[in-house]
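See below for the structure under consideration.
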Amino acid sequence: MRQTWSKLGGQLGMGCIAVGLLIIGLAWNGAAGIDFVSGQIPYLLSGGALGLGLIGLGAAMLVVQNGRRDRAIIEAQLADLNAAVSRLASAVGSAGLGTNGGGAARDAEAQVRAGRSSFHRHSCRLAEGKDLPTISVDAALAEGLTPCRICKPAAERAAEGATS
């Protein structure tokens, strides 16, 4: 439903421009049918003013629609960039913490591959062949990513937490 409304501005703008051009054409046609100038002026003024007004309104609607579309594209790109930067920051932060504690083997096992909406084990078939960043399970959960339904990386983490 939202997609239908988002395209309506551009379609209405094009419709207003078309109706404006049609009204200008009808005004010129009406003026051409009268032989004296004082009879032609009302056709040209009323039809021309209304037609130009509709053309201006339609052009404004098109400009606003294009601005909205561009803004939506930029917001989506900024959201993707923000997610990538936070993944990078959490990956760099978790890598730095793992070297000091002596539990580097356990930290390496706790690393998962982060997708757009879920995270996977390194051996997951859904993540094969994809260049996905590696982050910790805690960082993935903090970002709001869900565990993969196929490889279930969070189940392994829950089992580690129960044994610790």
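The values are calculated or read from the model by the stated rules, or taken from the named source; none is laboratory data. Here the structure is a predicted model, which means the values were calculated and not measured. All Cβ positions, even for glycine, are placed from backbone atoms using ideal geometry, and neighbour counts span all protein chains on display.
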Q. Out of the range 27-42, which residues are exposed (fewer than 14 other Cβ atoms within 10 Å of the Cβ) and assigned to a helix (DSSP H, G or I)?
A. Asn29, Ala32, Val37, Ser38, Gly39, Ile41, Pro42
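Listed here are the residues, each with its yes/no results for (1) surrounded by 18 or more Cβ atoms within 10 Å (Cβ to Cβ); (2) of a type outside the set (A, V, I, L, M); (3) at pLDDT 85 or above; (4) in contact with a strand residue (DSSP E or B) (Cβ under 8 Å, 6 or more places away or on another chain).
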{"site": "Ala105", "(1), (2), (3), (4)": "no, no, no, no"}
{"site": "Ala114", "(1), (2), (3), (4)": "yes, no, yes, yes"}
{"site": "Ser123", "(1), (2), (3), (4)": "no, yes, yes, no"}
{"site": "Asp131", "(1), (2), (3), (4)": "no, yes, no, no"}
{"site": "Gly161", "(1), (2), (3), (4)": "no, yes, no, no"}
Q. For the range 133-159, how many residues meet the condition of being at pLDDT 80 or above, part of a helix (DSSP H, G or I) and not small (Gly, Ala, Ser)?
A. 4
(Q) Looking only at the range 86-103, filter to residues that are under 28 Å from Ala76 (Cβ atoms) and of a type outside the set (A, V, I, L, M, F, W, C); which one of those is modelled with the lowest pLDDT? (A) Ser94
